[in-house]
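Asks: Here's a structure for you.
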Amino acid sequence: MLLSAKQDWLGNIRNDILAGIVVALALVPEAIAFSIIAGVDPKVGLYASFAIAVIIAIVGGRAGMISAATAATALLMVTLVKDHGLQYLLVATILAGVLQIVAGYLNLHKFMSFISKSVMTGFLNALAILIFIAQLPELTNVTWYVYALTAAGLAIIYLFPYVPKIGTLLPSPLVNTVVLPLVVSFFGIEVRTIGDMGELPDTLPIFLWPDVPLTFETLSIVLPYSISIAIVGLLESLMTANVIDELTDTESDKKRECKGQGVANIGSGLIGGMAGCAMIGQSIINVKSGGRGRLSTMVAGILLLILVVFLNDILSIVPMAALVAVMIMVSVGTFNWTSIKELKTNPISASSVMVATVIVVVWTHNLAFGVFAGILIGSLFMAQRLSQFLLVESDYDEASDTRTYQIIGQVFFNSSDKFIGFFDFKEAVDKIVIDVHRAHFWDITGVAALDKVVIKLRREGTDVSIVGLNEASETLLDKFAVHDKPEEVEKMMGGL
Amino acid sequence: MTMTKNGLILTGVDGSELSDSVLDYAIWLSKKSSAPLKLLHTIEHSHHSEQVGHEGNLTPNIKEHLLDELSDEERLESKKLIADGKQIIKGAKDKAEAAGVTDLIAKQRHGSLPEALLDLQSQLSMVVLGSKGHDHEGQLHGLGAQLEDAIRVIKKPIFIAKSGFKTPEKVMFAYNGSPTSHKALNLLASMALFKQDLEIHVVSVQKNLSDAQNLIEDAQSVLNDAGIDMIGQAMTGEAVEVITHYQTTHGIDITVMGAFSHGKLHGFFFGSFTTQMLIESNTQFILVR
């Protein structure tokens, strides 16, 4: 809507700024942690988060949603960075952005309707598990100090909000990242710090074209990564947009969001940042902190950059344990805990789709594969269910020695055997009428099954006639939306 | 002209300062053009939560908890808004009935007024709005927060009440030959309203007088064909100034004009003629998009 532009930016100024500050403070440790997951210097994730948040605030399709460097996309880059280095990651980021813009223009966001609730739950659970697994290197072969610090960090994160008055004023993940370095330097404990993990930003980002040969070989290296990043980025962004739509009871422009994510990634790649997408956790934190407008995302991005450029000396002494605590919190907050309880109560098909999605993701470390597996298994279950909607009514007329089969329901690849099974080929009669006007042939496998039946019956010396084939094969034409009238729906359900 | 015969006259009622006058004009229009009257109250959710927390941490099942909290809060807000709206709309309905409007619909809808107008516009023949709503009460020249948006979204004629009700006698049509003003001319010619004891003035302000005179002649022939007598006046000068001067000297009650023929961006940079007219004039308006 026209009127929404001004409202999106200036409709909620005070709360948007406050929420933006909360998000910026929570975003700093996350952006650093995601850089470490991807295997690049912290500044790569921080510049990315700045660029993506600021750009998406302007061009995104969902006001109040936070986008930045994310775990989901970082996980896809690990091998690219290890084998080819940062410059190739930047190219992959830009290319992923281009693919996302193309996806936006092709209206690919509409394919989100294939992603069931079970797949979405599986996606988030898998993401939570991967984020947790990514913390394990920091927690293995370390001194007990690290465990103690991580536990202390978690205690601060979850318990600080219960402190009267200041508890709800200061974001607890920030308190964690301020208190732990103080403890460490006070007691002189030797632990790994963020400074040990690579460079932090000490200047504002500058525009840079990635230093790679622009050859076909480069393209063949980065393209598979770019495709994965583009898909996963859009998946998480559109899912997050749905979550924010639901939370705030407002609507978003999904097409614009796809294109916006693309523009944001291109922007990130050009200032030396990694690819990112919408962040489900941070977006929820933003809404919880009162953020509703584009201003909140913009404030988060700009403040994040100011914080890290001016406070990089302080940031560098933050122990990794503080970061690990934040990431465990993100993992716990992303996981859908009720889904475990629902494993018992939900239909087995739903549960297996969810579990399969999780298993494939954890196995491949690629959320896109998990989503495809989930969609595939879900579709098989759906085909199985649809094939149950097929039955036959059979009549015998003695005077003319005619057997009539009336077929009612859905004939397609998965129900064609059942369809053939309806016919008694051993019965010797003069004439057989197959009435299919209440049946629907959805694909050529269904039609082939009918052919097979007719040929087989003719071989037995029976005269076969088919009634109502025109109506029955209407569904064969890929004309969707023809069946949206009441009488059509009635017919589809077999006229029952 | 996409006008439906005897489509609804719709008016937004929000209980603001101008609400009474808006309702009076809507009643007058409905009776004059014997069209049914629809009273609409929109329930606008703020979608802003009062219970914000800046903990910034992610707790287990945070989304589910937050959704519960927010929907509870909005449910209470909505219930109150609906109840308040019921009072407002009942008052308006009683008044319209007392004034003798028989064909009357009173409805509440969720969402903003422009959104509602967009959804309902196919059934409407005219929309009656106040030049300002709650947000600008007491401001002398302020235009309503949603007025321009409302005007831009709907393709139907809009009556804008700027001041208290006075039975209209003189109507002025500002004609500049633009496509929207041409539409306005057709509306004038086709609506039953303008054929009944109203004095119709047509003014045209152009760079040179002969252009203006040509436009007046065009209008004359269209209106005369429709059986409407008019007083024409061709003028030159600064349009807003000249027209508002004409309004005051001739005691015009309603100004009819085409509106916002340029995009929003153009208006942002160059200022919109329509907006300026709305601010500077003291008459009521009928705007045609």
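Asks: Give me the residue from the stretch B:48-78 that is in a loop (DSSP other than H, G, I, E, B) and of a type in the set (Val, Ile, Thr) and, out of that set, farthest from the other protein chains (Cβ to nearest Cβ).
Replies: B:Thr59
Asks: So, restricting to strands (runs of 3 or more DSSP E) that lie completely within the stretch B:172-289, which ones have at least 3 residues that are within 26 Å of B:Leu118 (Cβ to Cβ)?
Replies: Because the criterion is at least 3 residues that are within 26 Å of B:Leu118 (Cβ to Cβ), the strands (runs of 3 or more DSSP E) in the stretch B:172-289 that meet it are B:254-258, B:284-288.
Asks: Something else: Select from the stretch A:330-350 the residues that are within 20 Å of the chain's Cα centre (by Cα), assigned to a helix (DSSP H, G or I) and within 12 Å of another protein chain (Cβ to nearest Cβ) and list them in ascending order.
Replies: Passing the criteria: A:Val330, A:Ser331, A:Val332, A:Gly333, A:Thr334, A:Thr338, A:Ser339, A:Ile340.
Asks: Restricting to the stretch A:101-119, name every residue that is out of contact with any Ser or Thr (no Cβ under 9 Å at 6 or more places or on another chain) and part of a helix (DSSP H, G or I).
Replies: If the condition is that a residue be out of contact with any Ser or Thr (no Cβ under 9 Å at 6 or more places or on another chain) and part of a helix (DSSP H, G or I), then A:Ile101, A:Val102, A:Ala103, A:Gly104, A:Tyr105, A:Leu108, A:His109, A:Lys110, A:Phe111, A:Met112, A:Ser113, A:Lys117 are the ones that fit.
Asks: Separate question: What is the number of the single condition among (1) out of contact with any strand residue (DSSP E or B) (no Cβ under 7 Å at 6 or more places or on another chain); (2) assigned by TED's automatic domain parsing to the domain that holds A:Ser465 that A:Met382 does not meet?
Replies: (2)
Asks: Sticking with this one: Can you go through A:Glu199, A:Glu190, A:Glu217 and tell me which one is among the acidic types (Asp, Glu), surrounded by fewer than 19 Cβ atoms within 10 Å (Cβ to Cβ) and at pLDDT 90 or above?
Replies: Result: A:Glu217 is the single residue among A:Glu199, A:Glu190, A:Glu217 that is among the acidic types (Asp, Glu), surrounded by fewer than 19 Cβ atoms within 10 Å (Cβ to Cβ) and at pLDDT 90 or above.
Asks: Another question about this same structure. Can you confirm whether the stretch B:81-101 contains a residue that is within 11 Å of chain A (Cβ to nearest Cβ) and over 22 Å from the mean Cα position of the chain (by Cα)?
Replies: no
Asks: With respect to A:Gly290, determine if the residue is in contact (Cβ under 8 Å) with a residue 12 or more places away in the chain, outside any helix (DSSP H, G or I) and either in the same structural domain as A:Phe132 (by TED's automatic domain parsing) or of a type in the set (Asp, Glu) (or both).
Replies: yes
Asks: So which of A:Ala356, A:Ala368 is part of a helix (DSSP H, G or I) and either within 14 Å of chain B (Cβ to nearest Cβ) or closer than 20 Å to A:Tyr225 by Cβ (or both)?
Replies: Of the residues listed, the single one that is part of a helix (DSSP H, G or I) and either within 14 Å of chain B (Cβ to nearest Cβ) or closer than 20 Å to A:Tyr225 by Cβ (or both) is A:Ala368.
Asks: Still on this structure: Residues A:Thr143, A:Thr193, A:Thr150: which one is in contact (Cβ under 8 Å) with a residue 40 or more places away in the chain, within 22 Å of A:Met329 (Cα to Cα), hydroxyl-bearing (Ser, Thr, Tyr) and touching a strand residue (DSSP E or B) at 6+ places or on another chain (Cβ under 7 Å)?
Replies: One residue alone meets the criteria, A:Thr193.
Asks: If I filter the stretch B:120-152 down to residues being within 13 Å of B:Gly12 (Cβ to Cβ) and in contact with an Asp or Glu (Cβ under 9 Å, 6 or more places away or on another chain), which single residue comes out as modelled with the highest pLDDT?
Replies: Checking each candidate, the answer is B:Gly130.
Asks: Of the residues A:Val184, A:Val163, which is within 14 Å of chain B (Cβ to nearest Cβ) and of a type in the set (A, V, I, L, M)?
Replies: A:Val163
Asks: Follow-up. When you go through A:Met320, A:Met327, A:Met298 one by one, which is the residue that is surrounded by 20 or more Cβ atoms within 10 Å (Cβ to Cβ), touching a Lys or Arg at 6+ places or on another chain (Cβ under 6 Å) and more than 10 Å from every other protein chain (Cβ to nearest Cβ)?
Replies: Only one candidate qualifies: A:Met320.
Asks: What is the residue count in the stretch B:199-210 for residues that are free of Cβ contacts under 8 Å to residues at least 40 places away in the same chain and buried (at least 16 other Cβ atoms within 10 Å of the Cβ)?
Replies: 6
Asks: Kindly establish whether A:Leu182 is surrounded by fewer than 23 Cβ atoms within 10 Å (Cβ to Cβ), within 30 Å of A:Val353 (Cα to Cα), among the hydrophobic types (A, V, I, L, M, F, W, C) and at pLDDT 90 or above.
Replies: No.
Asks: Scanning for something within 30 Å of B:Gly130 (Cα to Cα) and surrounded by fewer than 17 Cβ atoms within 10 Å (Cβ to Cβ), does the stretch B:66-77 turn up at least one residue?
Replies: Within the stretch B:66-77 (the criterion being within 30 Å of B:Gly130 (Cα to Cα) and surrounded by fewer than 17 Cβ atoms within 10 Å (Cβ to Cβ)), the answer is yes, since at least one residue qualifies.
Asks: Let me ask another. Just the residues that are surrounded by 13 or more Cβ atoms within 10 Å (Cβ to Cβ) and at pLDDT 80 or above, please, taken from the stretch B:246-272.
Replies: Residues satisfying the conditions are B:Tyr246, B:Gln247, B:His250, B:Ile252, B:Asp253, B:Ile254, B:Thr255, B:Val256, B:Met257, B:Gly258, B:Ala259.
Asks: Can you name the residue in the stretch A:115-170 that is crowded, with 20+ Cβ neighbours inside 10 Å and aromatic (Phe, Trp, Tyr) and, of all such residues, is farthest from A:Val232 (Cα to Cα)?
Replies: Ranking the qualifying residues of the stretch A:115-170, first place goes to A:Phe160.
Asks: May I pose another question? Helices (runs of 4 or more DSSP H) wholly in the stretch A:1-88 with at least 1 residues that are crowded, with 24+ Cβ neighbours inside 10 Å and in contact (Cβ under 8 Å) with a residue 40 or more places away in the chain - which ones?
Replies: Hits in the stretch A:1-88: A:13-38, A:42-59, A:71-84.
Asks: Right, something else. Only one of (1) over 16 Å from the mean Cα position of the chain (by Cα); (2) at pLDDT below 95 fails for A:Gly281. Which number is that?
Replies: (1)
The values are calculated or read from the model by the stated rules, or taken from the named source; none is laboratory data. Remember, predicted model here, so these are calculated numbers, not experimental data. Virtual Cβ from ideal backbone geometry, glycine too; neighbours counted across all protein chains shown.
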